Amino acid sequence: MILAWLACAFVAGIVLGSWIGLPLIPLLILAALGTATALLRCRRRGWTAAAVLAMLLLGAARAPGAAGPPGPHDLSYYNGRTVQLSGVVTAEPDIRDTGANYVVTAKQLTAGGKARPISGQLELHLPLSQPLAYGDVVVLSGRLRTPSNAAGTAFRDILARRGIRSTMSFVRVIDRGPSNTGLAGWFVMLRQSIERNIDSWLPEPEASLLIAITLGARSASLGDLAPAFVATGLIHIVAISGIKVAMVAGTMFELARLLRRRFLTLTSALLALWIYVLLTGLTVSGVRSAIMWTLVFISSYLGRTTVTLVSLAAAAAVMVGLQPDLISDIGFQLSTIGTFAIVAFTPPLSRLFSRVPSPFRESLSVTLAAQLGTLPVVAIGFGTVSAIGPIANALVLPLLPLLIIFGFVLGAIGGIPGLAAPLAGVTSALLHFVLTLTVWLARVPAFHTGGPLGVPAIAAYYVALAVIAGWLLRKSNWAPVAQWASRGREVLIAGAVGLTLLSASEAMATTVQPAQLVWLGSGEAILLTTPHRAVLIDGSPHPLALLRGLGSRLLGRSRELDAVIVTDPRGSNITGLRAVIARYAVREVLDVGTEYPSATYAAWRSDLEHRHIPVTALRTGVAISVEGVNLAAIAPDDVCSVPVNCVGMLRIVVGPHTVLLAGSSSAREQREALFRRVPISADTLVFTTTKAHDALFTRRSARSATHVVSLPGSGPSSAAVSTTTRILASR
């Protein structure tokens, strides 16, 4: 246990040093004297006390000091100025609905006509139409800005913890191609290959959730579902938490033992463990857990037992020693304190819930233990505490090992349809269960702290918790790491749930549904579905929201669209459609076209040509039939130089019902449609703005309409998965 005391003393020294700010030289002298005293003392108690004091002083000496003002060789020194700089994209792109964020490590900067070497990182925001890749060498011209904290989001502080103190948005970019990224680039390519295979077999948001569970992801990748995961205490399943690494490490070690050679078992397990941590991006909690498990594996090889708390203390000390700023990182605090609480409180909680069946008993106990330990940190950092978290975790955590395995297997065999298809079906059912359960449980209100907690209250809470934990640990003889005895039952229960959900999904998919016309909750996107076919009309400026809306409406169907109809050639409508044809097999496209295309529209037509998707010009009189549903274009007559004046309009006939889709067409285009030899009468009119329908609605030919549907247009969806507007459903 000496190692644990020394590690804890070192971490405590860093905390004290960051608070007090003692000078470095005196601390090092005192630490040297303490070390000498420890070596000279023969009595064990005196030796231990001197060594602990020496580590405390060393930790205080290693504490991060106050950062001084940036100098001319720091990138942030030039914030607020227009510069030209060259650098390398050193992180995987963070793709959002509103664009993409890149981390660029600067190498050289030119300001005032003078070039100089520079150091520092910046976050670069670009539109989705201007993609970059990991390792690309770029030249940026624009204004450097200092990040600012927004209401409710400490954006500047978050970036500062990542070493980023500058930002640039929508600047001139010259991409000079990839650089030599070495081993890190290989891991990024492997990760992206796994993501592509998962994307190709699962709809949204199931695909994003499985990628997050398997490889970790930012919560932003879940879009409007992220608050539901936060509210239910399940947000940790989309990050690389200690629980995930423990599951992977335990599985790898058990598989490696089949080699029946101790050294080969050790090296194979360690190699697999660290490959997983590298593949998931070397997160704080992942590295901490990997160090712990490395100590466990080495101890097992040497024939010695290892105590979890000793490994935890050693891992925390190593990480904080290498990066002292981690001591103030909320992720590091949650990971370390949560692991300690799990070790200390899970056994008694499992005995308390002995009547709960396994493996739900273990999941409930682990969640409650972690919540007990991290309660003050969560209350301070997020302002709310999930009331439903233990129940949500008890139901979801037993499925986590199976989902991680399915994620990697699907990522590996995605190119083999015969094997990937059945696995994707089972995985999709499990993920849909997790999503549905999360959204449903998120309706339970969370506890709000009402204000910041005082230092005395936090100190009193953790003193009491430490006393109880010490008593429990001493009573259990500081038990080493143990594995759940119910692993077989986990797999059995998860498999049974998965097969049940798959059967239900198949039953729902084979049920004959009437023809439906549904707004997908984002942009102008409208989906027409018949029992066996689907047509997408228009897109959205928010690709992820559009994909989630499509995935929720086409659940259980093949990933095919019989047609995509484009009535508006502007970039806000086209952006989402580029993501759609990358995920779905599209048989044909009816496109209104434009005389002077934007960069986004030109890229859209290039994508269509590259994928060999046939394109038909959407003109007055062009019509298609989809299982008895007739769609006919009533505008425009020809291509226009001004996109707003050539937005298409459609008349859709579903049995006795008729829908007129005017979208965002201009009043001029609507007036011209009145004089064309095409029927425009309808019982339902659909527009994106109330202003747009005046030209048609006031005419006698359109007054027969009994319903007028006004869509929000290109605004973001508030809940694209659960909020859709049914325009028409045939009987």
Looking only at region 548-561, and only at residues there that are surrounded by 19 or more Cβ atoms within 10 Å (Cβ to Cβ) and not in a helix (DSSP H, G or I), the one that is modelled with the lowest pLDDT: L554
Candidates L536, L517, filtered to the one that is touching a helix residue (DSSP H, G or I) at 6+ places or on another chain (Cβ under 9 Å) and touching a residue at least 12 places away in the same chain (Cβ under 8 Å): L536
Selected residue [over 22 Å from T688 (Cα atoms) and out of contact with any Asp or Glu (no Cβ under 6 Å at 6 or more places or on another chain)] from Y601, Y596: Y596
Qualifying residue in region 110-126 (condition: basic (K, R), surrounded by fewer than 16 Cβ atoms within 10 Å (Cβ to Cβ) and part of a strand (DSSP E or B)): yes
Count - residues of region 614-638 that are surrounded by fewer than 16 Cβ atoms within 10 Å (Cβ to Cβ) and among the hydrophobic types (A, V, I, L, M, F, W, C): 3
Lone unmet requirement of (1) at pLDDT below 80; (2) part of a strand (DSSP E or B) for L590: (1)
Only listed residue being under 26 Å from the mean Cα position of the chain (by Cα) and under 17 Å from E524 (Cα atoms), chosen from I565, I581: I581
Test: residue in region 147-160 that is surrounded by 15 or more Cβ atoms within 10 Å (Cβ to Cβ) and in contact with a Gly (Cβ under 7 Å, 6 or more places away or on another chain): no
Among the candidates P422, P390, residue that is under 26 Å from M252 (Cβ atoms) and of a type outside the set (F, W, Y): P422
Single match in L410, L399, L403, L395 (criterion: in contact with a Ser or Thr (Cβ under 8 Å, 6 or more places away or on another chain), modelled with pLDDT of 80 or more, within 23 Å of R355 (Cβ to Cβ) and not β-branched (V, I, T)): L395
Selected residue (only one of I213, I298 is buried (at least 21 other Cβ atoms within 10 Å of the Cβ), among the aliphatic types (A, V, I, L, M) and modelled with pLDDT of 75 or more): I213
Pairs, first farther than 18 Å from R619 by Cβ and touching a residue at least 24 places away in the same chain (Cβ under 8 Å) in region 547-571, second part of a strand (DSSP E or B) and polar (S, T, N, Q), C-beta under 7 Å, six or more apart: R553/T529
Criterion (modelled with pLDDT under 80 and either of a type outside the set (D, E) or not assigned by TED's automatic domain parsing to the domain that holds L528 (or both)) met by exactly one of R677, R651: R677
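Results for (1) at pLDDT 80 or above; (2) surrounded by fewer than 19 Cβ atoms within 10 Å (Cβ to Cβ); (3) among the charged types (D, E, K, R), shown as yes or no for each residue.
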{"residue": "S169", "(1), (2), (3)": "yes, yes, no"}
{"residue": "I174", "(1), (2), (3)": "yes, yes, no"}
{"residue": "W186", "(1), (2), (3)": "yes, yes, no"}
{"residue": "A207", "(1), (2), (3)": "yes, no, no"}
{"residue": "S219", "(1), (2), (3)": "no, yes, no"}
{"residue": "D224", "(1), (2), (3)": "no, no, yes"}
{"residue": "K244", "(1), (2), (3)": "no, no, yes"}
{"residue": "V248", "(1), (2), (3)": "no, no, no"}
Among the residues listed as V104, V83, the single one being over 19 Å from P131 (Cα atoms) and modelled with pLDDT of 70 or more: V83
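The values are calculated or read from the model by the stated rules, or taken from the named source; none is laboratory data. Keep in mind that this is a model prediction, so the values were computed, not measured. Don't worry about glycine lacking a Cβ; one is built from the backbone with ideal geometry, like all the others, and counts go over all protein chains shown.
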